[in-house]
Amino acid sequence: MSTLNAAITGCGVIGRTHAVALREFPEVRIVALIDAIPAAAEALADFIEQQGGTRPALYTTQAEAFANEDIHLVALATPSGLHIQQSLEVLAAGKHVVIEKPLDVDLSRAQEIEAAAKEAAGKGVVASVISQHRFDQSSVAVSQAIADGRFGKLTSAIASVAWWRSQGYYDSGDWRGTWAMDGGGALMNQGVHTVDLLLWFMGRPVEIFAHTARLAHERIEVEDTAVATVTFENGGLAVLHATTAAYPGLTVRVQLMGSEGSAVVDNDRLEYFHSRAAGGASADMGLQGGGNQAEEELAKYPEEDYKAADPTVYPAGHVRQYRDILAAIAGGKQPGVTVSDAVNALAAVRSVYVSATLGQPVLFEDVLAGKYNDLEVRTGTAAESA
(Lines give C-alpha, C1' and ligand atoms only; values in the text may rest on other atoms or scores of the structure.)
Protein backbone atom coordinates (compact mmCIF):
# COMPACT_ATOMS: atom_id res chain seq x y z
CA MET A 1 0.00 0.00 0.00
CA SER A 2 1.27 3.50 -0.81
CA THR A 3 -0.31 5.11 2.27
CA LEU A 4 -0.56 3.53 5.70
CA ASN A 5 -3.45 4.87 7.76
CA ALA A 6 -2.65 5.03 11.47
CA ALA A 7 -4.68 5.56 14.62
CA ILE A 8 -3.36 6.49 18.05
CA THR A 9 -5.21 5.12 21.07
CA GLY A 10 -4.33 7.16 24.15
CA CYS A 11 -3.70 10.84 23.53
CA GLY A 12 -1.60 11.88 26.52
CA VAL A 13 2.11 12.60 26.63
CA ILE A 14 3.14 9.26 25.12
CA GLY A 15 0.44 9.55 22.48
CA ARG A 16 2.05 12.80 21.38
CA THR A 17 5.42 11.01 21.19
CA HIS A 18 3.91 8.48 18.80
CA ALA A 19 2.32 11.26 16.75
CA VAL A 20 5.65 13.05 16.36
CA ALA A 21 7.39 9.81 15.41
CA LEU A 22 4.76 8.74 12.89
CA ARG A 23 4.78 12.13 11.21
CA GLU A 24 8.43 11.53 10.27
CA PHE A 25 7.22 9.07 7.63
CA PRO A 26 5.53 10.50 4.50
CA GLU A 27 3.86 7.17 3.79
CA VAL A 28 1.96 7.31 7.10
CA ARG A 29 -1.23 9.31 7.62
CA ILE A 30 -2.72 9.68 11.11
CA VAL A 31 -6.44 9.39 10.43
CA ALA A 32 -7.89 8.82 13.91
CA LEU A 33 -7.26 9.68 17.55
CA ILE A 34 -8.96 7.56 20.21
CA ASP A 35 -9.32 8.49 23.86
CA ALA A 36 -12.02 8.00 26.48
CA ILE A 37 -11.38 11.62 27.47
CA PRO A 38 -12.44 13.78 24.48
CA ALA A 39 -10.39 16.76 25.65
CA ALA A 40 -7.19 14.70 25.39
CA ALA A 41 -7.95 13.74 21.79
CA GLU A 42 -8.85 17.35 20.97
CA ALA A 43 -5.53 18.57 22.38
CA LEU A 44 -3.51 16.07 20.35
CA ALA A 45 -5.49 16.89 17.21
CA ASP A 46 -4.71 20.58 17.79
CA PHE A 47 -1.02 19.74 18.17
CA ILE A 48 -0.96 17.74 14.91
CA GLU A 49 -2.62 20.63 13.08
CA GLN A 50 -0.15 23.13 14.56
CA GLN A 51 2.67 20.94 13.24
CA GLY A 52 1.24 21.18 9.73
CA GLY A 53 -0.67 17.89 9.66
CA THR A 54 -4.24 17.15 8.66
CA ARG A 55 -6.60 17.05 11.64
CA PRO A 56 -7.51 13.41 12.41
CA ALA A 57 -11.03 12.25 13.25
CA LEU A 58 -11.73 11.86 16.99
CA TYR A 59 -13.30 8.85 18.70
CA THR A 60 -13.81 7.60 22.24
CA THR A 61 -13.53 3.86 21.46
CA GLN A 62 -11.53 1.73 19.08
CA ALA A 63 -14.67 -0.05 17.88
CA GLU A 64 -16.16 3.27 16.80
CA ALA A 65 -12.98 4.26 14.99
CA PHE A 66 -12.70 0.89 13.24
CA ALA A 67 -16.31 1.16 12.05
CA ASN A 68 -15.79 4.61 10.51
CA GLU A 69 -12.19 4.75 9.30
CA ASP A 70 -9.95 2.65 7.08
CA ILE A 71 -7.18 1.99 9.63
CA HIS A 72 -4.14 -0.20 8.99
CA LEU A 73 -2.01 0.43 12.10
CA VAL A 74 -2.87 1.27 15.71
CA ALA A 75 -0.38 2.74 18.20
CA LEU A 76 -1.43 1.96 21.79
CA ALA A 77 -0.30 4.68 24.18
CA THR A 78 -2.74 3.99 27.01
CA PRO A 79 -2.08 2.92 30.62
CA SER A 80 -0.52 -0.55 30.64
CA GLY A 81 -3.51 -2.11 32.39
CA LEU A 82 -5.54 -1.50 29.22
CA HIS A 83 -2.99 -2.97 26.81
CA ILE A 84 -4.28 -6.53 26.80
CA GLN A 85 -7.89 -5.88 25.88
CA GLN A 86 -7.09 -3.10 23.45
CA SER A 87 -4.37 -5.13 21.72
CA LEU A 88 -6.71 -8.08 21.37
CA GLU A 89 -9.33 -5.78 19.81
CA VAL A 90 -6.79 -4.46 17.30
CA LEU A 91 -5.47 -7.89 16.33
CA ALA A 92 -8.98 -9.33 16.09
CA ALA A 93 -9.76 -6.57 13.60
CA GLY A 94 -6.77 -7.65 11.50
CA LYS A 95 -4.78 -4.46 12.07
CA HIS A 96 -1.11 -4.00 12.89
CA VAL A 97 -0.40 -2.88 16.45
CA VAL A 98 2.45 -1.07 18.21
CA ILE A 99 2.20 -1.32 22.00
CA GLU A 100 3.92 1.27 24.17
CA LYS A 101 6.01 -0.09 27.01
CA PRO A 102 5.52 -1.87 29.28
CA LEU A 103 3.67 -4.68 27.59
CA ASP A 104 1.86 -5.33 30.87
CA VAL A 105 2.59 -5.77 34.56
CA ASP A 106 1.17 -9.29 34.71
CA LEU A 107 3.02 -12.14 32.99
CA SER A 108 0.03 -14.43 32.45
CA ARG A 109 -2.01 -11.65 30.87
CA ALA A 110 0.96 -10.64 28.72
CA GLN A 111 1.06 -14.18 27.38
CA GLU A 112 -2.48 -13.69 26.08
CA ILE A 113 -1.18 -10.94 23.83
CA GLU A 114 1.76 -13.13 22.83
CA ALA A 115 -0.52 -15.96 21.69
CA ALA A 116 -2.73 -13.57 19.73
CA ALA A 117 0.30 -11.91 18.13
CA LYS A 118 1.72 -15.26 16.99
CA GLU A 119 -1.62 -16.18 15.42
CA ALA A 120 -1.83 -12.78 13.74
CA ALA A 121 1.72 -13.12 12.37
CA GLY A 122 0.56 -16.13 10.40
CA LYS A 123 -1.87 -13.80 8.63
CA GLY A 124 0.76 -11.16 7.89
CA VAL A 125 -0.22 -8.87 10.75
CA VAL A 126 2.63 -7.17 12.62
CA ALA A 127 2.62 -6.69 16.40
CA SER A 128 5.50 -4.96 18.18
CA VAL A 129 6.26 -3.47 21.58
CA ILE A 130 8.23 -0.25 22.02
CA SER A 131 11.76 -1.03 23.12
CA GLN A 132 13.46 1.96 21.60
CA HIS A 133 16.84 1.47 23.25
CA ARG A 134 17.47 -1.57 21.06
CA PHE A 135 17.64 0.94 18.23
CA ASP A 136 20.19 3.28 19.83
CA GLN A 137 23.26 3.07 17.65
CA SER A 138 25.37 2.09 20.64
CA SER A 139 23.11 -0.92 21.15
CA VAL A 140 23.08 -1.72 17.44
CA ALA A 141 26.88 -1.56 17.29
CA VAL A 142 27.24 -3.96 20.24
CA SER A 143 24.55 -6.33 18.95
CA GLN A 144 26.14 -6.49 15.50
CA ALA A 145 29.56 -7.15 17.04
CA ILE A 146 28.04 -10.04 19.01
CA ALA A 147 26.41 -11.43 15.86
CA ASP A 148 29.75 -11.22 14.04
CA GLY A 149 31.54 -13.01 16.87
CA ARG A 150 33.88 -10.10 17.49
CA PHE A 151 33.73 -10.47 21.29
CA GLY A 152 34.46 -14.19 21.15
CA LYS A 153 32.64 -16.15 23.82
CA LEU A 154 30.44 -13.89 25.92
CA THR A 155 31.54 -14.55 29.48
CA SER A 156 29.84 -11.97 31.68
CA ALA A 157 27.87 -8.76 31.87
CA ILE A 158 26.93 -6.10 34.41
CA ALA A 159 23.69 -4.18 33.94
CA SER A 160 22.95 -1.34 36.34
CA VAL A 161 20.17 1.23 36.62
CA ALA A 162 21.20 3.58 39.42
CA TRP A 163 18.52 6.24 39.67
CA TRP A 164 16.95 8.37 42.39
CA ARG A 165 13.25 8.85 43.06
CA SER A 166 12.18 11.00 45.97
CA GLN A 167 9.55 10.06 48.51
CA GLY A 168 7.40 12.73 46.90
CA TYR A 169 7.53 10.81 43.62
CA TYR A 170 5.96 7.77 45.26
CA ASP A 171 3.50 9.85 47.30
CA SER A 172 2.27 11.69 44.20
CA GLY A 173 -0.13 8.90 43.21
CA ASP A 174 -1.90 6.15 45.13
CA TRP A 175 -0.95 3.64 42.43
CA ARG A 176 2.78 4.35 42.60
CA GLY A 177 4.84 1.76 44.40
CA THR A 178 2.06 -0.85 44.43
CA TRP A 179 2.24 -4.39 43.13
CA ALA A 180 -1.22 -4.17 41.59
CA MET A 181 -0.65 -1.08 39.44
CA ASP A 182 3.13 -0.66 39.14
CA GLY A 183 3.82 -4.39 39.01
CA GLY A 184 7.06 -3.86 40.90
CA GLY A 185 9.51 -1.14 41.81
CA ALA A 186 12.95 -0.11 40.59
CA LEU A 187 13.38 -3.15 38.34
CA MET A 188 9.92 -3.25 36.74
CA ASN A 189 9.28 0.46 36.48
CA GLN A 190 12.73 1.89 35.83
CA GLY A 191 14.83 -1.12 34.81
CA VAL A 192 12.80 -3.22 32.39
CA HIS A 193 14.47 -1.70 29.30
CA THR A 194 17.88 -2.54 30.68
CA VAL A 195 16.71 -6.10 31.35
CA ASP A 196 15.60 -6.26 27.71
CA LEU A 197 19.04 -5.12 26.51
CA LEU A 198 20.78 -7.61 28.77
CA LEU A 199 18.73 -10.48 27.30
CA TRP A 200 19.24 -9.17 23.76
CA PHE A 201 23.00 -9.18 24.24
CA MET A 202 23.49 -12.29 26.38
CA GLY A 203 20.68 -14.58 25.20
CA ARG A 204 18.14 -16.66 27.04
CA PRO A 205 18.38 -16.86 30.86
CA VAL A 206 18.53 -20.21 32.62
CA GLU A 207 18.59 -19.41 36.34
CA ILE A 208 18.09 -16.24 38.38
CA PHE A 209 18.94 -15.70 42.04
CA ALA A 210 17.90 -12.36 43.48
CA HIS A 211 17.46 -10.17 46.52
CA THR A 212 15.21 -7.13 46.79
CA ALA A 213 14.81 -4.54 49.51
CA ARG A 214 13.06 -1.29 50.38
CA LEU A 215 15.86 0.82 51.83
CA ALA A 216 15.25 4.54 51.29
CA HIS A 217 11.48 4.97 50.94
CA GLU A 218 8.32 4.58 52.98
CA ARG A 219 4.68 3.83 52.19
CA ILE A 220 5.44 1.67 49.16
CA GLU A 221 4.93 -2.08 48.72
CA VAL A 222 7.64 -2.64 46.14
CA GLU A 223 11.43 -2.63 46.11
CA ASP A 224 13.62 0.42 45.66
CA THR A 225 16.69 -1.81 45.27
CA ALA A 226 17.12 -5.14 43.48
CA VAL A 227 20.19 -7.22 42.70
CA ALA A 228 20.39 -10.56 40.91
CA THR A 229 22.81 -12.99 39.36
CA VAL A 230 21.75 -14.52 36.07
CA THR A 231 23.09 -17.55 34.22
CA PHE A 232 22.49 -17.86 30.49
CA GLU A 233 22.21 -20.72 28.01
CA ASN A 234 25.61 -19.84 26.56
CA GLY A 235 27.19 -20.33 29.99
CA GLY A 236 27.71 -16.61 30.56
CA LEU A 237 27.04 -14.95 33.91
CA ALA A 238 25.59 -11.54 34.65
CA VAL A 239 24.92 -9.19 37.53
CA LEU A 240 21.69 -7.20 37.33
CA HIS A 241 21.17 -4.16 39.55
CA ALA A 242 18.35 -1.62 39.73
CA THR A 243 17.65 1.03 42.33
CA THR A 244 15.74 4.25 42.85
CA ALA A 245 17.77 4.89 46.01
CA ALA A 246 20.99 6.20 44.40
CA TYR A 247 20.94 9.89 45.27
CA PRO A 248 21.20 12.13 43.30
CA GLY A 249 20.86 9.67 40.43
CA LEU A 250 23.61 8.01 38.43
CA THR A 251 23.62 6.43 34.98
CA VAL A 252 22.20 3.38 33.24
CA ARG A 253 25.20 1.26 32.37
CA VAL A 254 25.65 -2.07 30.59
CA GLN A 255 29.08 -3.69 30.51
CA LEU A 256 29.56 -6.68 28.24
CA MET A 257 32.68 -8.86 28.46
CA GLY A 258 33.93 -11.63 26.23
CA SER A 259 37.02 -13.70 25.49
CA GLU A 260 37.89 -11.54 22.47
CA GLY A 261 36.48 -8.13 23.38
CA SER A 262 34.33 -5.96 25.62
CA ALA A 263 31.97 -3.00 25.43
CA VAL A 264 30.39 -0.46 27.75
CA VAL A 265 27.17 1.42 27.01
CA ASP A 266 26.56 4.27 29.46
CA ASN A 267 23.39 6.35 29.24
CA ASP A 268 22.78 5.10 25.69
CA ARG A 269 26.27 6.09 24.51
CA LEU A 270 29.03 3.71 23.49
CA GLU A 271 31.62 4.63 26.10
CA TYR A 272 34.03 1.77 25.43
CA PHE A 273 34.48 -0.82 22.69
CA HIS A 274 37.37 -3.12 21.98
CA SER A 275 37.62 -6.23 19.85
CA ARG A 276 40.86 -8.14 19.37
CA ALA A 277 39.67 -8.84 15.83
CA ALA A 278 40.30 -5.18 15.06
CA GLY A 279 43.96 -6.02 15.39
CA GLY A 280 47.19 -5.46 17.14
CA ALA A 281 46.60 -5.15 20.86
CA SER A 282 48.35 -7.35 23.38
CA ALA A 283 46.08 -10.03 24.76
CA ASP A 284 47.54 -9.51 28.22
CA MET A 285 47.27 -5.76 28.67
CA GLY A 286 43.54 -5.44 29.02
CA LEU A 287 41.89 -2.04 28.69
CA GLN A 288 45.17 -0.11 29.10
CA GLY A 289 46.84 -1.93 26.27
CA GLY A 290 43.79 -2.57 24.18
CA GLY A 291 42.68 0.96 23.49
CA ASN A 292 39.18 2.29 23.02
CA GLN A 293 37.69 1.68 19.57
CA ALA A 294 34.32 3.28 20.36
CA GLU A 295 34.64 6.30 18.06
CA GLU A 296 35.94 4.10 15.27
CA GLU A 297 32.97 1.79 15.74
CA LEU A 298 30.39 4.58 15.78
CA ALA A 299 31.91 6.04 12.63
CA LYS A 300 30.38 3.09 10.77
CA TYR A 301 26.94 4.61 11.35
CA PRO A 302 25.53 7.91 10.11
CA GLU A 303 25.82 10.58 12.79
CA GLU A 304 22.11 11.39 12.67
CA ASP A 305 21.31 7.83 13.62
CA TYR A 306 23.05 7.85 16.97
CA LYS A 307 23.41 11.49 17.94
CA ALA A 308 21.58 12.21 21.21
CA ALA A 309 18.45 14.34 20.90
CA ASP A 310 15.90 15.71 23.34
CA PRO A 311 13.21 12.99 23.31
CA THR A 312 10.51 15.49 24.29
CA VAL A 313 11.19 17.37 21.04
CA TYR A 314 12.33 14.59 18.74
CA PRO A 315 11.77 11.00 19.95
CA ALA A 316 14.70 9.55 18.02
CA GLY A 317 14.36 6.08 19.53
CA HIS A 318 10.69 5.81 18.59
CA VAL A 319 11.46 7.06 15.07
CA ARG A 320 14.15 4.42 14.63
CA GLN A 321 11.86 1.68 15.89
CA TYR A 322 8.98 2.80 13.69
CA ARG A 323 11.36 2.69 10.71
CA ASP A 324 11.90 -1.00 11.52
CA ILE A 325 8.18 -1.66 12.09
CA LEU A 326 7.11 0.01 8.84
CA ALA A 327 9.75 -1.94 6.92
CA ALA A 328 8.41 -5.15 8.47
CA ILE A 329 4.86 -4.27 7.40
CA ALA A 330 5.98 -3.39 3.88
CA GLY A 331 8.13 -6.51 3.58
CA GLY A 332 5.70 -8.96 5.12
CA LYS A 333 8.16 -9.95 7.85
CA GLN A 334 8.41 -9.79 11.63
CA PRO A 335 9.75 -6.62 13.31
CA GLY A 336 13.01 -6.36 15.22
CA VAL A 337 11.12 -6.40 18.54
CA THR A 338 8.32 -8.93 18.89
CA VAL A 339 5.74 -9.40 21.61
CA SER A 340 7.64 -12.53 22.65
CA ASP A 341 10.74 -10.39 23.29
CA ALA A 342 8.71 -8.21 25.64
CA VAL A 343 7.26 -11.27 27.38
CA ASN A 344 10.77 -12.63 28.00
CA ALA A 345 11.88 -9.35 29.58
CA LEU A 346 8.77 -9.35 31.76
CA ALA A 347 9.42 -13.00 32.74
CA ALA A 348 12.99 -12.11 33.74
CA VAL A 349 11.70 -9.35 36.03
CA ARG A 350 9.11 -11.72 37.47
CA SER A 351 11.89 -14.28 38.05
CA VAL A 352 13.77 -11.73 40.16
CA TYR A 353 10.69 -11.12 42.30
CA VAL A 354 9.93 -14.82 42.67
CA SER A 355 13.51 -15.62 43.64
CA ALA A 356 13.67 -12.77 46.15
CA THR A 357 10.36 -13.81 47.70
CA LEU A 358 11.34 -17.47 48.04
CA GLY A 359 14.96 -16.78 48.96
CA GLN A 360 16.24 -19.30 46.42
CA PRO A 361 17.28 -19.52 42.76
CA VAL A 362 14.51 -20.06 40.21
CA LEU A 363 14.56 -21.41 36.68
CA PHE A 364 13.52 -18.91 34.02
CA GLU A 365 11.58 -21.57 32.09
CA ASP A 366 9.57 -22.45 35.21
CA VAL A 367 8.53 -18.83 35.62
CA LEU A 368 7.70 -18.54 31.93
CA ALA A 369 5.64 -21.73 32.10
CA GLY A 370 3.53 -20.33 34.95
CA LYS A 371 4.81 -22.46 37.81
CA TYR A 372 4.77 -19.45 40.14
CA ASN A 373 1.74 -17.60 38.77
CA ASP A 374 -0.12 -18.00 42.06
CA LEU A 375 2.80 -16.83 44.19
CA GLU A 376 2.21 -13.47 45.89
CA VAL A 377 5.56 -11.76 45.52
CA ARG A 378 6.87 -9.32 48.14
CA THR A 379 9.83 -7.11 48.85
CA GLY A 380 12.55 -9.15 50.55
CA THR A 381 12.19 -12.84 51.37
CA ALA A 382 9.37 -14.53 53.23
CA ALA A 383 11.73 -15.04 56.19
CA GLU A 384 12.59 -11.34 56.28
CA SER A 385 8.93 -10.36 56.07
CA ALA A 386 7.85 -12.72 58.88
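Give, as a single signed number, the net charge of other residues whose beta carbon lies under 11 Å from the beta carbon of His274, with Lys and Arg counted +1 and Asp and Glu -1.
On the way: positive: Arg150, Arg276; negative: Glu260, Glu296, Glu297.
Net local charge, His274 excluded: -1.
Can you give the FRET efficiency for Ala327 and Ala180, using 1/(1 + (r/R0)^6), R0 = 41 Å, r = Cβ-Cβ distance, to the nearest 0.05?
After rounding to 0.05, the efficiency reads 0.60.
Pick from Ala216, Ala246, Ala67: which is most flexible by mean-square fluctuation in a GNM of the chain where alpha carbon atoms under 10 Å apart are linked?
Comparing Ala216, Ala246, Ala67 in a Gaussian network model of the chain, the most mobile one is Ala67.
If each residue of separation counts as 0.36 nm, what is the full-extension length gain between Asn373 and Gln144 once their alpha-carbon separation is subtracted?
Values: separation 229, 0.36 × 229 = 82.44 nm, distance 3.55 nm.
Contour length minus Cα-Cα distance gives 78.9 nm.
Lysines within cross-link reach of Lys333: Cα-Cα under 20 Å, excluding same-chain residues under 8 positions apart?
Filter leaves Lys95, Lys118, Lys123.
Beta carbons within 10 angstrom, averaged per residue: use that to sort the peptides 339-350, 156-167, highest first.
Packing proxy ranking, top to bottom: 339-350, 156-167.
Relative to the present Cα-Cα distance, how much length would full extension add between Arg29 and Thr229 at 0.36 nm per residue of separation?
Here the answer is 67.4 nm.
Could you calculate the FRET efficiency of Glu42 with Lys153 from 1/(1 + (r/R0)^6), where r is the beta carbon distance between them and R0 is 41 Å, rounded to 0.05?
Efficiency, rounded to the nearest 0.05: 0.15.
Rounded to the nearest 10 Å², what accessible area does Leu375 show when all protein chains are kept and the probe is 1.4 Å?
50 Å²
Would you please give the residues with an amide H less than 5 Å from that of Gly380, counting only those at least 5 places away or on a separate chain, with H modeled from the backbone geometry?
Thr212, Ala213
Need the C-alpha centroid separation for segment 135-196 versus segment 1-63, integer Å.
Measuring centre to centre over Cα atoms gives 29 Å.
How do the peptides 188-195, 35-42 rank, highest first, by the average count of neighbouring beta carbon atoms within 10 Å per residue?
188-195, 35-42
Below 15 angstrom from the Cβ of His96, what's the summed charge of the other residues (Lys, Arg +1; Asp, Glu -1)?
-1
Among the lysines, which have Cα under 24 Å from the Cα of Lys153 when same-chain residues fewer than 8 positions away are ignored?
Lys300
Please report the antiparallel percentage of the DSSP beta bridges confined to the chain, to the nearest 5.
55 percent
Using a 7 Å offset from the Cα along the Cα-to-Cβ direction at both Ala63 and Glu207, what is the distance between the two label points in nm, to one decimal?
Calculated label separation equals 5.0 nm.
If you plug each phi of segment 22-27 into the Karplus form 6.51 cos²θ - 1.76 cosθ + 1.60 with θ = phi - 60°, what whole-Hz ³J(HN,Hα) values come out, in order, with x for Gly and Pro?
My calculation for segment 22-27 gives 5, 6, 6, 10, x, 7 Hz in order.
I need to check one value: relative contact order of the chain, counting alpha carbon pairs closer than 8 Å and at least 6 residues apart, in percent.
18 percent
Report the FRET efficiency, 1/(1 + (r/R0)^6), for Ser108 and Ser2, where r is their Cβ-Cβ distance and R0 is 41 Å, rounded to 0.05.
Efficiency at R0 = 41 Å is approximately 0.50.
The values are calculated or read from the model by the stated rules, or taken from the named source; none is laboratory data. Quick caveat: nothing in here was measured; it's all calculated off a predicted structure. All Cβ positions, glycine included, derive from the backbone under ideal geometry; neighbour counts span all protein chains shown. Only protein heavy atoms, including side chains, enter the accessible area calculation; ligands, DNA and RNA are left aside. Shrake-Rupley method; radii C 1.70, N 1.55, O 1.52, S 1.80 Å.
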